[in-house]
Amino acid sequence: MLGRLNHVAIAVPDLAAGIAVYQNTLGAKVSAPQDEPDHGVRVVFVELPNTKIELLEPLGEGSPIAGFLEKNPAGGIHHICYEVDDIIAARDHLQAQGARVLGDGEPKIGAHKKPVLFLHPKDLCGTLVELEQA
Ligand code: CO
């Protein structure tokens, strides 16, 4: 069911500082920031040869990453995103296995303009998992 690793997401308290780390310290190519108001985050993507790193900072009140940054004030790995061919079939399979889908269970459009879902970390080895339709 699982396809490629699409990205690893790192929550940061200050996106400009995170961009500087990836551009200057690590010498990577970083996209322009984009606001994702439906997800309560502002994001950039770091392009790597085999995958991407997503840097996230909170956007607006009640951002879903605000609590994570309270616990991890320097930032940290927030989620990993796997591609699936059919997000509805993947969701139905996971739910049948007892994995909980966050929110109302329906895919939302993610930062790549493709449907995404998030799965509860307690059901998946302590890791918040995003699925993205390939
Ligand atoms: Co993501």
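The values are calculated or read from the model by the stated rules, or taken from the named source; none is laboratory data. These numbers come from a predicted model, not from an experiment. Virtual Cβ from ideal backbone geometry, glycine too; neighbours counted across all protein chains shown. SASA here: full protein model, heavy atoms, side chains in, ligands and nucleic acids out. Shrake-Rupley method; radii C 1.70, N 1.55, O 1.52, S 1.80 Å.
The figures follow:
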item	result
Sole residue being in a strand (DSSP E or B) and either at pLDDT 95 or above or surrounded by fewer than 19 Cβ atoms within 10 Å (Cβ to Cβ) (or both), chosen from 88, 80	80
Qualifying position, being among the β-branched types (Val, Ile, Thr) and either touching a Phe, Trp or Tyr at 6+ places or on another chain (Cβ under 9 Å) or on the phi > 0 side of the Ramachandran plot (or both), among 19, 80, 53, 88	53
Subset of the range 1-23 [in a loop (DSSP other than H, G, I, E, B) and away from the ligand (no atom under 16 Å from the Cβ)]	1, 13, 14
Yes/no for residue 93 being away from the ligand (no atom under 14 Å from the Cβ), over 12 Å from the mean Cα position of the chain (by Cα) and within 22 Å of residue 11 (Cβ to Cβ)	no
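Matching residues to (1) within 17 Å of residue 13 (Cβ to Cβ); (2) among the charged types (D, E, K, R):
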{"position": "40", "(1), (2)": "yes, no"}
{"position": "52", "(1), (2)": "no, yes"}
{"position": "59", "(1), (2)": "yes, no"}
{"position": "64", "(1), (2)": "yes, no"}
{"position": "67", "(1), (2)": "yes, no"}
{"position": "71", "(1), (2)": "yes, yes"}
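Residue-by-condition table, conditions (1) within 14 Å of the ligand (Cβ to nearest atom); (2) assigned to a loop (DSSP other than H, G, I, E, B); (3) open to solvent by 40 Å² or more (accessible area, probe 1.4 Å):
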| position | (1), (2), (3) |
| --- | --- |
| 32 | no, yes, yes |
| 56 | yes, no, no |
| 73 | no, yes, yes |
| 112 | yes, yes, yes |
| 117 | yes, no, no |
